[in-house]
Every structure is written in structure tokens, then in C-alpha cells.
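Below is one structure; the comments refer to it alone.
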Amino acid sequence: MCIVCEHLLYGDHRKAEAGPFEPCPRCGKFASNEGRPCYHCYAVGNTIDGCAECLGIPWSEEFLDAMPEIDQPLVPSIQQG
């Protein structure tokens, strides 16, 4: 699975743990995607074999290593002349 899918699936799990949310119309387990199925249902159901966390296996080392950079807020660079 690519690290982008891992990041989105990871986010679905964290949002579900954080508190109330509008449930996915398909699974009811994660937050809906503006009334449509969550990324978890979309990805697991259509493009990948399974979510690491749901399968009880660790997230990939590549994803865990990249996560701090992915989650870092975008800061515009200031060019000095």
C-alpha cells in the first residue's frame, strides 16, 4: 500500500478516536467523506487489500518515517532579495 493511502487510513482511525463524527453511510465506523463512504471503505473496498490497523498489523516503516514530514504544516518560504 502506498504511504498516501496509509496516511488517509491512519487519519480515519484517529478521527474516529477523537470524538463524535458524521458516520460513513457504508460502515458507520469512520467519518463520512461529505456524506459519501469514508476513505477506509473506498480504499479497502476498491483499491487495497486491507488497512494495517484493522488487520492488526503495524503501519509500514516507510509511512512511520515519513509521517512527521507529512503532518508538518505548510509554511511558505520567504525569499529575501
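What follows is calculated from the coordinates using simple rules that are stated; it is not laboratory data. Given the structure is predicted, the values throughout are model-derived calculations rather than measurements. Positions of Cβ are generated from backbone atoms using ideal geometry, with glycine treated the same way; all protein chains shown enter the neighbour counts.
Quick look at the values:
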read-out	value
Amide H within-cut-off set for Cys27, under 5 Å, with H built and near neighbours excluded	Cys38
Pair Gln72, Val4: separation of 7 Å Cα→Cβ label points (nm)	2.0 nm
Estimated vicinal HN-Hα couplings, Hz - region 45-57 in sequence order (Karplus 6.51, -1.76, 1.60; Gly, Pro = x)	x, 10, 10, 10, 6, x, 8, 3, 5, 5, 7, x, 10
Added length on full extension, which subtracts the Cα-Cα distance from 0.36 nm per residue, Asn46 to Ser60	3.0 nm
Under the Karplus curve 6.51 cos²θ - 1.76 cosθ + 1.60, θ = phi - 60°, whole-Hz ³J(HN,Hα) for region 35-41, x wherever Gly or Pro sits	x, 9, x, 5, 4, 4, 5
Relative contact order (%) - region 3-71, alpha-carbon pairs under 8 angstrom, separation at least six	27 percent
Using distinct alpha-carbon pairs, which all enter the 1/r mean, Kirkwood radius of the chain in Å	14.0 Å
Cβ charges +1 (Lys, Arg) and -1 (Asp, Glu), total dipole of the chain, debye	400 debye
